[in-house]
Amino acid sequence: MPEISRFFGIIIAMYYNDHPPPHFHVRYGQQKAIIEIQSLSVLEGKLSPRVLGLVIEWAASHQAELLQNWELARQQEPLESVQPLE
């Protein structure tokens, strides 16, 4: 699973040829979740409110880049890094 961003111990990644809808995977310690890119809703898993807030803040400002990476992943192309939350 290629990592596309990392901030405050939160790891953001995407799988190649993953199932729709467009989404990304989040890991933080033992917490894991899948977040839909367009709605920024949790599709699966659970994150603490603090971590979820940081992830949503980050994803909201990088939706276009996330969707572009989704398309690259679907085409088996190398993914691009996304600027971390600062």
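For the reader, a short list of remarks on this structure follows.
- For the range 42-77, residues that are free of Cβ contacts under 8 Å to residues at least 24 places away in the same chain and touching a helix residue (DSSP H, G or I) at 6+ places or on another chain (Cβ under 9 Å) total 4.
- Residue within the range 49-67 that is among the polar types (S, T, N, Q), out of contact with any Pro (no Cβ under 7 Å at 6 or more places or on another chain) and within 15 Å of Ile11 (Cα to Cα) present: no
- Count of residues meeting criterion [under 18 Å from Leu85 (Cα atoms) and assigned to a helix (DSSP H, G or I)] in the range 31-73: 18
- Of all residues in the range 44-79 being under 11 Å from the mean Cα position of the chain (by Cα) and among the β-branched types (Val, Ile, Thr), the one that is nearest to Glu3 (Cα to Cα): Val55
- Meets criteria (closer than 14 Å to Arg6 by Cα and surrounded by fewer than 17 Cβ atoms within 10 Å (Cβ to Cβ)) for Gln38: no
- Any hit, the range 6-28, residues being outside any loop (DSSP other than H, G, I, E, B), touching a residue at least 24 places away in the same chain (Cβ under 8 Å) and surrounded by fewer than 18 Cβ atoms within 10 Å (Cβ to Cβ): yes
Since every read-out is calculated from the coordinates, none of them should be taken as a lab result. Only a predicted model underlies this, so the values are computations on that prediction, with no experimental measurement involved. We place every Cβ from the backbone using ideal geometry, glycine too, and count neighbours over all the protein chains shown.
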